[in-house]
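The values are calculated or read from the model by the stated rules, or taken from the named source; none is laboratory data. Small disclaimer: the values here were computed from a predicted structure and weren't measured. Here the Cβ is made from the backbone with ideal geometry for all residues, glycine too, and neighbour counts use every protein chain on show. The accessibility values were calculated without ligands, DNA or RNA, using every heavy atom of the protein model including side chains. Shrake-Rupley method; radii C 1.70, N 1.55, O 1.52, S 1.80 Å.
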Amino acid sequence: RLPAGVESYKRTPTFTEETVPAGLLKDHSTKEGTWGLIYVEEGALLYRVTDPRRVPSQQELTADRAPGLVEPTVLHYVVPLGPVRFHVQFLRERAVGDQ
């Protein structure tokens with residue numbers, strides 16, 4: 001679950017099975033303090049968590065399900081399951097002094 005006090009600060013473009021960056025198809029992670037929400041707009045996407053600090057898991061993401069939650073620094077990757085459209089919303093804790 002997202003911690004209290006996080007706010008959105010960036011959104012990727014919408015990707016398809018043909019335009020998804022190669023880096024998202026192999027193990028990668030967000031920076032410390034950066035969370036992600038993977039929103040599927042159409043189709044289906046497999047979200048796999050491979051980090052040794054977590055139990056390996058996978059989740060099929062679709063438009064009618066909750067977005068995939070990406071934890072800071074946790075290794076993961078995605079696999080398009082046929083035609084798909086998706087984007088990632090990035091969140092972080094509000095900086096001290098922000099209003």
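Scanning region 6-26 for residues that are open to solvent by 80 Å² or more (accessible area, probe 1.4 Å) and either among the acidic types (D, E) or under 11 Å from the mean Cα position of the chain (by Cα) (or both) turns up R11, E18.
Candidates T34, T50: the one that is open to solvent by less than 80 Å² (accessible area, probe 1.4 Å) and closer than 22 Å to R94 by Cα is T34.
Selection of region 53-64 for residues being open to solvent by 70 Å² or more (accessible area, probe 1.4 Å) and either touching a residue at least 12 places away in the same chain (Cβ under 8 Å) or not β-branched (V, I, T) (or both) yields R53, R54, P56, Q58, Q59, E60, D64. Exactly one residue out of P3, P83 is in contact with an Asp or Glu (Cβ under 8 Å, 6 or more places away or on another chain), surrounded by fewer than 12 Cβ atoms within 10 Å (Cβ to Cβ) and either free of Cβ contacts under 8 Å to residues at least 24 places away in the same chain or part of a loop (DSSP other than H, G, I, E, B) (or both): that is P3.
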